[in-house]
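Just below is one structure, and these are the notes that go with it.
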Amino acid sequence: MIRHTYAFLVMNVCSRKTGVTGAVSQPVNERPANLFAHSAAIRLIRTAVALLLLVRVALRAGVPEPDNVLYGTITLDNQPVTANRTDVVVEARRLIGGPAIARYPMGSSAQAGNFYSLRVSLESAQPLFDPNASLVGDSLFIVVLDGSGIRSQSIYTVGDRGAVQRLDFGAAVLDGDGDGLPDAWERLHLGSTSPTPNSINANGQTTLQNYIAGTNPNDTNSLFRVAVSASGANALVSFQALRAEGTGYEGLSRYYSLEYSTNAGAGLWLGLNNSTNLLGNNQTITYQPPGTNGPAFYRGRVWLQ
Ligand SMILES: [Ca+2]
């Protein structure tokens, strides 16, 4: 992609050179020798300046590297997505709600068949010559969309030059007893599929609460909770935001919101600016209430989608 940009610049130089020559109204063979030499010198100088500009741009910009390639299968509503589902698109984004820096509409490559194949442009260093390129180690959102919006998503860390990685979306999750909990998750943590979603587990939470929060039902220290601590003269509200990963979370993401209320008894809770719909990525979410506020209650919400 960056090579195309270079080609465009070179074409500009050539056309500018042609334009300068065309501005001299006299035919070349009728000009005095010294004028011709002078004109040729100007052309050389202008070309040299243009080349210097090109060199300067090349030195300042990142050097293109072999693309990263992501590929895999997509399952939506427990049905495999085939090349015929041309309404399904896979995009790479810097922000979950931001523009695409790479995209692959299903069926757009005959070679890919029923797989998607997404190329992520790579450069070696900042500043990026191509604004849609990435650097090794960048975190990108990979989202699957259809006509109804985002259906599935994942976080991808850009690999080394030329890296190829398989990333499947929404593999069918078996729920034989129809209780809304993946059977594999139930067997892994509880030994069978017998517990119901409302069963109280060893850590005091229900099975459903543990599944959604990603906590371990057998560990009394594994709980989703909002902590309040002192930070100087003010309070600091914090909680752990876990990434949805592992058995039972295929194709799902975990989200969090921090809410507050000045009258919890009335049940009126409000989301805090910049602290709602946060994607869990094993990070600590912190919020420092303004010192001017009076006493308030805080609560965290967590869900899967
Ligand atoms: Ca189940």
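The values are calculated or read from the model by the stated rules, or taken from the named source; none is laboratory data. Given the structure is predicted, the values throughout are model-derived calculations rather than measurements. Note that we place each Cβ from the backbone using ideal geometry, even for glycine, and neighbour counts take in every protein chain shown.
Here are some notes:
- Hits in region 80-99 (condition: without any contact (Cβ under 8 Å) to a residue 60 or more places away in the chain, surrounded by fewer than 17 Cβ atoms within 10 Å (Cβ to Cβ) and within 21 Å of Leu279 (Cβ to Cβ)): Arg94, Leu95, Gly97, Gly98, Pro99
- Residue check for Ile155: β-branched (Val, Ile, Thr), away from the ligand (no atom under 16 Å from the Cβ) and in contact (Cβ under 8 Å) with a residue 40 or more places away in the chain: yes
- Taking the listed residues Ser275, Ser231, Ser257, the one that is more than 14 Å from the ligand (Cβ to nearest atom), within 28 Å of Ile155 (Cβ to Cβ), touching a residue at least 12 places away in the same chain (Cβ under 8 Å) and surrounded by fewer than 18 Cβ atoms within 10 Å (Cβ to Cβ) is Ser257, with no other qualifying.
- The residues in region 158-206 that are basic (Lys, Arg) and over 23 Å from Asp146 (Cβ atoms) can be counted, and the count is 2.
- The requirement of being in the same structural domain as Pro290 (by TED's automatic domain parsing) and either under 17 Å from the mean Cα position of the chain (by Cα) or away from the ligand (no atom under 16 Å from the Cβ) (or both) is satisfied by Val237.
- Of all residues making up region 83-118, the number that are among the aliphatic types (A, V, I, L, M), under 27 Å from Val63 (Cβ atoms) and assigned to a loop (DSSP other than H, G, I, E, B): 1
- Count of region 191-206 residues which are away from the ligand (no atom under 15 Å from the Cβ) and of a type outside the set (A, V, I, L, M, F, W, C): 3
- Exclusive hit being touching a Gly at 6+ places or on another chain (Cβ under 8 Å) and among the small types (Gly, Ala, Ser), set Ser229, Ser253, Ser222: Ser253
- Residues in region 250-270 that are closer than 28 Å to Ile142 by Cβ and modelled with pLDDT of 90 or more: Arg254, Tyr255, Tyr256, Ser257, Leu258.
- When the residues of region 119-139 are filtered to those that are assigned to a loop (DSSP other than H, G, I, E, B) and of a type in the set (Gly, Ala, Ser), the one that is modelled with the highest pLDDT is Ala133.
- Leading residue by the ranking (surrounded by the fewest Cβ atoms within 10 Å (Cβ to Cβ)) among those in region 114-153 that are under 22 Å from Pro66 (Cβ atoms), within 15 Å of the chain's Cα centre (by Cα) and among the polar types (S, T, N, Q): Ser139
- Candidate set: region 163-190, residues that are more than 13 Å from the ligand (Cβ to nearest atom) and part of a loop (DSSP other than H, G, I, E, B); chosen: the one farthest from Tyr255 (Cα to Cα): Ala163
- Only residues that are surrounded by fewer than 14 Cβ atoms within 10 Å (Cβ to Cβ) and within 10 Å of the chain's Cα centre (by Cα) were counted across region 100-113, and they come to 0.
- Scan of region 158-189 for residues that are without any contact (Cβ under 8 Å) to a residue 60 or more places away in the chain and over 19 Å from Thr206 (Cβ atoms), ordered by number: Asp160, Leu174, Gly176
- Selection count, region 207-221, where residues are more than 12 Å from the ligand (Cβ to nearest atom) and buried (at least 17 other Cβ atoms within 10 Å of the Cβ): 7
- Segments classed as strands (runs of 3 or more DSSP E), wholly inside region 224-305, with at least 1 members that are within 20 Å of Ile96 (Cβ to Cβ): 234-241, 254-261, 283-287, 297-304
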